[in-house]
Amino acid sequence: MYPYIPNSEPEVQAEMLKFIGTGSIDDLIADIPEEIRMKKKMDLPEPFEDEAGLYRHVSGILDKNKTAGELVSFLGAGCYNRYVPAVVDEVVNRSEFLTAYAGEPYEDHGRFHAMFEYQSMMAELLDFDVCNVPNYDASQAVGTSLRMASRITKRSEVLIPGNINPDTLKAVQTYMQPDISISYIDYNSKTGRICIDSLKEKLTDKIAAVLVMNPNFFGIIEEKSQEIADMAHAAGAMMIAYVEPSTLGVLTPPSRYGADIACGDIQPLGIHMNYGGGVAGFIATSDRPEIVDEYPSRLFGIAPTSEGEWGFGDVLWERTSFANRDKAKEFVGTHAALWGVAAGVYLAAMGPKGMKELGEAIVQRQVCLKKALSEIKGVSVSRFSGVPFEEIVVDFSASGKSVKEINEKLLEAGIIGGYDLSGSFPELEGCSLFCVTEQTAASDIKALSEALGRILG
């Protein structure tokens, strides 16, 4: 008997079976063939019959984890150790937001308003007119953006650069099946940016969209984004910018270098990493009807009510799979609305000035990290000449040690090292992607530098 597994008590089971007129649990699974049923008891530990004992046991398991809160972390690669203001947790843990799922304005007070405010602030940050209610993550946002472009242009091929997040790429490859084909643009081996010559070669009148990750996965700013957008538009294609929103306090917003659609993840905007689960995607565009009509996700707007007040509700509800299950253009699934509330509170607390200061702080720390690492024997930070933002490629190939070995030694010193690029980019064997955030202190950079000096010395 396991008190914390619902209905595991024999007396409760007997009462339920009697109520529904069934003799045994086996009667309920009669349709499952006998040969594939589990015959033995599950190998479970002895049950804890009191809450205190269970809590102590689970806490002991959790205490084995080492987190970025206890260690110094230089790991980014799409999930960032950002500071989350206390006000964000205070608001998102309120019961009306924390427990809300998919209600309507008349039963889910406040959530539609909160989402409208989030959308408005995101649109301002991205310099676009429209932003959606958050979907699963950046990977889905990128995939949906590419499918939107395919429907708008009535073309079925997209161009994706070789310097995007490899996890995103895997999801997008699945998301494009079976009707949209992918061609790949090389990245320049010297700059780390998209290779313009490769783009010219691949760009045809069959291409629906060109994707640009900015900054790209190597942390490098795609300085020729406007040129890429112009080339895409000249070929009748759309340009989609996959951006990191917390950079936009200092970097040019995507609408100003020709992007038709912007997408990405809002995790850097006040959302804890949560072991990789604190993610939610966004899509933003102009308010051109032919584009807005292709959003599969929910959009909340504001309108006057019959009582002379203001109300918040769905815009063009019929676009979504909620309204039209059988003939929807794309299935949208569950939205990550709670993280939209978190990002909305974060943006409201930071304001334009705070976002600018955040970007400046990250750039300063990145410069300090680059300088410190450049002074270590066997380490190179000039693998790519492109200008980085919050992440830099560090080349250890001259040190005689692998990234895996180095990361293991760093962890022993209480430091989470960078992302090993060789797994997804074999041509970058010996290279690691190191990240800084506003939480990276000068003492952290010093500790990393000293640890690497000992490991490589």
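The values are calculated or read from the model by the stated rules, or taken from the named source; none is laboratory data. This is a predicted model, so every value here is computed, not measured. We place every Cβ from the backbone using ideal geometry, glycine too, and count neighbours over all the protein chains shown. Surface accessibility is based on the protein's heavy atoms, side chains included, excluding ligands, DNA and RNA. Shrake-Rupley method; radii C 1.70, N 1.55, O 1.52, S 1.80 Å.
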> So what's the gap between the Cα centers of segment 37-57 and segment 116-182, to the nearest angstrom?
Replying inline: 43 Å
> Taking the simple approach of a point 7 Å from Cα along Cα-to-Cβ for both Lys353 and Ala398, what is their distance in nm?
Replying inline: 4.5 nm
>> Under 25 °C and 0.890 mPa s, how fast does the chain diffuse according to Stokes-Einstein, given a Kirkwood radius computed over C-alpha pairs? Answer in µm²/s, whole number.
In response: 100 µm²/s
> Ignoring ligands, DNA and RNA, what percent of the 1.4 Å accessible area of segment 2-140 is carbon and sulfur?
Replying inline: 56 percent
> Given the C-alpha centroids of segment 295-370 and segment 421-445, what is the distance between them in whole angstrom?
Replying inline: 30 Å
> How much net charge surrounds Pro3 when only the other residues with a Cβ under 12 Å from the Cβ of Pro3 are counted, with Lys and Arg +1 and Asp and Glu -1?
Replying inline: -4
> Taking 0.36 nm per residue of separation and subtracting the Cα-Cα distance, what length does fully extending Thr67 through Lys41 add?
Replying inline: 5.8 nm
> Counting pairs of Cα atoms in segment 292-391, how many percent are more than 16 Å apart?
Replying inline: 75 percent
>> Computing the accessible area with a 1.4 Å probe over protein heavy atoms, can you report the carbon and sulfur percentage for segment 348-457?
In response: 54 percent
> Taking the Cα centre of segment 7-104 as the origin, how large is its charge dipole in debye, to the nearest 20, when only Lys and Arg (+1) and Asp and Glu (-1) carry charge on their Cβ atoms?
Replying inline: 560 debye
> For the pair Ser422 and Glu90, what calculated FRET efficiency results from E = 1/(1 + (r/R0)^6), where r is the Cβ-Cβ distance and R0 = 35 Å, to the nearest 0.05?
Replying inline: 0.25
> Solvent-accessible area per residue for the chain at a 1.4 Å probe radius, Å²?
Replying inline: 50 Å²
> Which pairs in the list Lys190/Lys224; Lys66/Lys409; Lys154/Lys206; Lys200/Lys224; Lys190/Lys356 are over 18 Å apart, alpha-carbon to alpha-carbon?
Replying inline: Lys190/Lys356
> Just the Cα atoms of segment 357-457, one point each, no solvent: what log10 I(q)/I(0) does Debye give at q = 0.11, 0.16 Å⁻¹?
Replying inline: -0.29, -0.63
> Among Leu54, Ala30, Pro3, which residue has its Cα positioned farthest towards the positive end of the charge dipole of segment 1-127, with +1 placed on the Cβ of Lys and Arg, -1 on the Cβ of Asp and Glu, and the dipole taken about the Cα centre?
Replying inline: Leu54
> Spin-label point model (7 Å from Cα, Cβ direction): what's the Tyr2 to Ser385 distance in nm?
Replying inline: 6.1 nm
> Hey, if we sort Thr247, Thr204, Thr191 by accessible area with the 1.4 Å probe, largest down, what's the order?
Replying inline: Thr204, Thr191, Thr247
>> Between Thr204 and Glu429, how high is the FRET efficiency from 1/(1 + (r/R0)^6) when r is the Cβ-Cβ distance and R₀ = 35 Å? Nearest 0.05.
In response: 0.55
> Within segment 276-303, whose backbone N sits under 12 Å from a point 7 Å along Cα→Cβ of Arg325?
Replying inline: none
